[in-house]
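Remarks on the structure that follows.
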Amino acid sequence: MTGMKTLKPVDVAVAGGGWSGLLIAKELATRTSLEVLVLERGPARGLKEYAEGMDEVDYVLRNKMMQNPAELTITHRHTPADRAAPVRQYGSFKPGTGTGGSGEHWGGISDRYLEDFFILETHLKEKYGAAKLPAGLAVQDWGIRYADLEECYWRAEQLLGVSGKAGNLRGEKIPGGNIFEAPRQHEYPTPPLVPTYSMSFFHKGATELGYHPYPLPASNLSRTYTNPDGISRAGCVYCGYCPSFGCMIGAKAQPSNTLLPVLRRRRNFALRNNCCVRRVVHRSGKATGVMYMDENGEETFQPADIVILTAWTPQNTRLLMLSGIGQQYDPATGKGTLGRNLTHQVTSGARSAVVFKEPLNSFVTSGAVGYGVADFDGDERIDSSTGLLRGGAFSRGTAPEYLPISTFGRIPAGETPRNWGAEWKKTSIRMWDRVASMAGYRGDHFAWRQNFMDLDPTYTDRWGDPLLRMTLDWTDYEYRQMEFGSRIAGEINAAAARAAGGKLVESGERQTHKPQFAHAPGRRPRYNASAYSTTHIQGGAIMGTAPERSVVNTWLQHWNMPNLFVVGSSAFPQNSSANPTLTILAVALRAADGIIGRYLKKPESLI
Ligand SMILES: Cc1cc2nc3c(=O)[nH]c(=O)nc-3n(C[C@H](O)[C@H](O)[C@H](O)COP(=O)(O)OP(=O)(O)OC[C@H]3O[C@@H](n4cnc5c(N)ncnc54)[C@H](O)[C@@H]3O)c2cc1C
């Protein structure tokens, strides 16, 4: 590129150094002799920084590991008729930045998606009939089936060392595991984490209601484990500093402690931190490299034979838009594919909480230790009177509940006359470790025609590039999901209170981690871009079997540019009740297999 600093070419340039980017890099750098370069916009970090000490103020309240919205954000509006506004504070999701991305400070819940989720459009049409499906529904099949991914799921589980108990081993239902999960070929690499005290009440309550609680699959190791790459990590010590933090002992699987140690041994791998990719550079339908701002703020051209975007959903989508690759989706006409199927996992919580007789010691915990209930997951056991096509999952996690500063003052309604003063302080101290909501809900988020992403016409980043604009709102359907979730979570709370001999109360007013959707009954919530929910945003560059309906093929190869791959949850046509990261890893492994086993044999053609 004329006038710009141009570097020596590499074989593969990867934009983004999180789970997706470093996993693809590891596969390519260890299984081939290709020279692989990862460009990561954020700083280097790892065990050394985490071991220096965890501080709730820095890491949780000041979001030390997250993308700073003052530097880069998105804009949001509910409908195309609205004017979008920039999200200026940490909002409904929190993208990570720096080596490892959000994979450093994630929680570690690592469940697989259900079998029918990969063929959702076909499945719903067969089950309910196309005419009975809600208008505007835009769910799609992925173009691959669960069976195509099962082996990659297993490879991902071994990479992470997932701790859990199988509930469906080659079709055999095993009590104590998740009997509603898709069939797996192997038991988990490590046994489940040790349940915490408060979890036992969820278990008792859910069992009393006739449900089938199981230990959540966790990437926080239950014991020392060595993965197939020879990387050994210690078992979790339940220190509690988990989501929002990097692990101080490496028990939680993170890109920095599973992938980087392997990559660092390779001479054909390089990671450049503080380098933000701004464009995929291309000519005549072929990517020729990437343009990025280097650590000194200088525009730099990095030529490459293969370009892989792994910058997570919003930035993957935005980079394609900024680079002018693909056709922007237009909800009015339904034309174009880039930016469509924007989804955000649906969550809600009970409107009640349990006051326990004794302290729970809830500071003894781990990011993914918990029980789940999948009795309503998928569509086999959902009652049609709910108005829902699919149910969702419930779980009791403990991690966000213990943080002393952010949860101080969590008092059930009516306990003290006001929320200040000596009485309030005393009650807060007495209540802090005794009040808990036992269950939260996670539901699928269907894709709808009206929810999408494009470039904002008004707001730009520091370099003058348009911000990504999200047009996203809840429909009546999600409202019914949240109501359903609140109701069942409330029933589990009540059963847990009975089991514990505790008191069931209205949930407190001050809960930092209260789901944004614990809304008033009878009032439909709007999507709230400023209240945190989950960092599970998907779509924008979805996968499929035809370029008319997808941006990338099932190997995550761009339909219009065979040497460009777009990897991550941007490829997911809709959002699951299960957390996404294990599936992100499985799909990335499949993409790596496609590049190595197919693309390299016939470079520059579609595979
Ligand atoms: C608090 C928290 C808890 C979570 N808990 C769970 C959980 O329990 N289970 C689960 O399944 N998921 C969980 N997640 C989600 C999980 O972290 C993500 O699904 C996962 O990290 C996605 O991996 P990724 O590599 O695709 O994207 P990311 O982790 O977001 O990595 C993308 C990387 O790209 C970099 N990047 C972005 N733009 C550019 C650019 N232009 N140039 C260069 N680099 C760029 C970013 O800095 C980042 O490092 C959690 C997330 C958070 C924040």
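The values are calculated or read from the model by the stated rules, or taken from the named source; none is laboratory data. Everything numeric here is computed off the predicted structure, so don't read it as measured data. Please note: Cβ atoms are built from the backbone with ideal geometry, for glycine as well, and neighbour counts cover all protein chains shown. Note: accessible area is taken over every heavy atom of the protein model, side chains too, but ligands, DNA and RNA are not part of it. Shrake-Rupley method; radii C 1.70, N 1.55, O 1.52, S 1.80 Å.
Can you run down the residue pairs with Cβ atoms below 6 Å, 6 or more apart or on separate chains, where the first is in the range 101-127 and of a type in the set (S, T, N, Q) and the partner is within 11 Å of the ligand (Cβ to nearest atom) and in a helix (DSSP H, G or I)?
Sorted first by the residue in the range 101-127, then by its partner, the pairs are Ser110/Leu582.
Output yes when any residue across the range 159-176 is open to solvent by 30 Å² or more (accessible area, probe 1.4 Å) and assigned to a helix (DSSP H, G or I), and no when none is.
no
For the range 103-129: of the residues being crowded, with 20+ Cβ neighbours inside 10 Å and of a type in the set (A, V, I, L, M), which is nearest to the ligand (Cβ to nearest atom)?
Filtering the range 103-129 for residues that are crowded, with 20+ Cβ neighbours inside 10 Å and of a type in the set (A, V, I, L, M), the one nearest to the ligand (Cβ to nearest atom) comes out as Ile109.
Tell me the residue from Thr534, Thr581 that is over 25 Å from Gly285 (Cα atoms), hydroxyl-bearing (Ser, Thr, Tyr), modelled with pLDDT under 95 and open to solvent by 10 Å² or more (accessible area, probe 1.4 Å), please. It would help to see each step written out before you state the result.
Values: Thr581 fails: modelled with pLDDT under 95.
Selected residue: Thr534, the only one of Thr534, Thr581 that is over 25 Å from Gly285 (Cα atoms), hydroxyl-bearing (Ser, Thr, Tyr), modelled with pLDDT under 95 and open to solvent by 10 Å² or more (accessible area, probe 1.4 Å).
Which residues, counting only those in the range 394-419, are exposed (fewer than 13 other Cβ atoms within 10 Å of the Cβ), modelled with pLDDT under 80 and hydrophobic (A, V, I, L, M, F, W, C)?
Passing the criteria: only Ala413.
Read through the list (1) open to solvent by 10 Å² or more (accessible area, probe 1.4 Å); (2) touching a Phe, Trp or Tyr at 6+ places or on another chain (Cβ under 9 Å); (3) under 24 Å from Arg442 (Cα atoms), then give the number of the only condition that Asn361 fails.
(3)
Return the residue satisfying two criteria in turn: it lies in the range 364-378 and is crowded, with 19+ Cβ neighbours inside 10 Å and away from the ligand (no atom under 16 Å from the Cβ), and of such residues it is farthest from Ala439 (Cα to Cα).
Step one: list which residues in the range 364-378 are crowded, with 19+ Cβ neighbours inside 10 Å, which gives 365-378.
After this cut, where a residue has to be away from the ligand (no atom under 16 Å from the Cβ) as well, the list is 373, 375-376, 378.
On the way: Val373: 9, Asp375: 14, Phe376: 14, Gly378: 18 Å.
So the residue we want is Gly378.
A quick yes/no check of all residues on (1) of a type in the set (Ser, Thr, Tyr); (2) crowded, with 18+ Cβ neighbours inside 10 Å; (3) within 16 Å of the ligand (Cβ to nearest atom):
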| site | (1), (2), (3) |
| --- | --- |
| Trp19 | no, yes, yes |
| Leu22 | no, yes, yes |
| Ala25 | no, yes, yes |
| Leu28 | no, yes, yes |
| Glu35 | no, yes, no |
| Leu39 | no, yes, yes |
| Arg45 | no, yes, yes |
| Ala51 | no, no, no |
| Tyr59 | yes, yes, yes |
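What number goes with the only condition from (1) at pLDDT below 95; (2) within 12 Å of the ligand (Cβ to nearest atom); (3) open to solvent by less than 30 Å² (accessible area, probe 1.4 Å) that Gly240 does not pass?
All conditions are met except number (2).
Taking the range 259-297 on its own, how many of its residues are away from the ligand (no atom under 12 Å from the Cβ) and in contact (Cβ under 8 Å) with a residue 40 or more places away in the chain?
13
Which ones in the range 574-606 are away from the ligand (no atom under 16 Å from the Cβ), of a type outside the set (D, E, K, R) and not in a helix (DSSP H, G or I)?
The initial filter retains those residues of the range 574-606 that are away from the ligand (no atom under 16 Å from the Cβ), namely 593-606.
Then drop every residue that is not of a type outside the set (D, E, K, R), which leaves 594-597, 599-600, 603, 605-606.
Residues satisfying the conditions are Pro603, Ser605, Leu606.
Given the condition closer than 21 Å to Val552 by Cα, open to solvent by 30 Å² or more (accessible area, probe 1.4 Å), outside any loop (DSSP other than H, G, I, E, B) and not hydrophobic (A, V, I, L, M, F, W, C), answer yes or no: does some residue in the range 130-152 qualify?
Yes, the range 130-152 contains a residue that is closer than 21 Å to Val552 by Cα, open to solvent by 30 Å² or more (accessible area, probe 1.4 Å), outside any loop (DSSP other than H, G, I, E, B) and not hydrophobic (A, V, I, L, M, F, W, C).
In the range 212-233, which residues are farther than 18 Å from Asn178 by Cβ and open to solvent by less than 40 Å² (accessible area, probe 1.4 Å)?
Leu221, Tyr225, Asn227, Ile231, Arg233
For residues that are hydroxyl-bearing (Ser, Thr, Tyr) and surrounded by fewer than 18 Cβ atoms within 10 Å (Cβ to Cβ), scanning just the range 501-531, find the one that is modelled with the highest pLDDT.
Quick first cut of the range 501-531, residues hydroxyl-bearing (Ser, Thr, Tyr) only: 507, 512, 527, 530.
Of the ones still in play, those that are also surrounded by fewer than 18 Cβ atoms within 10 Å (Cβ to Cβ) are 512, 530.
On the way: Thr512: 32, Ser530: 86.
Ranking the qualifying residues of the range 501-531, first place goes to Ser530.
Kindly provide the set of residues from the range 559-572 that are within 16 Å of the ligand (Cβ to nearest atom), at negative phi and part of a loop (DSSP other than H, G, I, E, B), ordered by number.
Listed by number, the residues that qualify are Val567, Phe572.
Cβ-Cβ distance below 6 Å, separation of 6 or more or different chains: which pairs start in the range 31-56 with a residue that is under 28 Å from Ile405 (Cα atoms) and end on one that is outside any loop (DSSP other than H, G, I, E, B)?
Cβ pairs passing all conditions: Gly46/Ser256.
Tell me whether the range 308-321 contains one or more residues that are open to solvent by 10 Å² or more (accessible area, probe 1.4 Å), within 14 Å of the ligand (Cβ to nearest atom) and among the aromatic types (Phe, Trp, Tyr).
Within the range 308-321, one or more residues are open to solvent by 10 Å² or more (accessible area, probe 1.4 Å), within 14 Å of the ligand (Cβ to nearest atom) and among the aromatic types (Phe, Trp, Tyr).
Among the residues of the range 67-84, is any part of a loop (DSSP other than H, G, I, E, B), more than 15 Å from the ligand (Cβ to nearest atom), β-branched (Val, Ile, Thr) and surrounded by fewer than 20 Cβ atoms within 10 Å (Cβ to Cβ)?
Looking through the range 67-84, at least one residue is part of a loop (DSSP other than H, G, I, E, B), more than 15 Å from the ligand (Cβ to nearest atom), β-branched (Val, Ile, Thr) and surrounded by fewer than 20 Cβ atoms within 10 Å (Cβ to Cβ).
In contact with a Cys (Cβ under 8 Å, 6 or more places away or on another chain), under 29 Å from Glu358 (Cα atoms) and not charged (D, E, K, R): is that true of Asn257 in this structure? Before you say what the answer is, go through the steps one by one.
On the way: in contact with a Cys (Cβ under 8 Å, 6 or more places away or on another chain): yes; under 29 Å from Glu358 (Cα atoms): no; not charged (D, E, K, R): yes.
No.
Tell me, please, whether a residue that is within 21 Å of Leu309 (Cα to Cα), in contact with a Cys (Cβ under 9 Å, 6 or more places away or on another chain) and near the ligand (Cβ under 9 Å from one of its atoms) can be found in the range 88-95.
no
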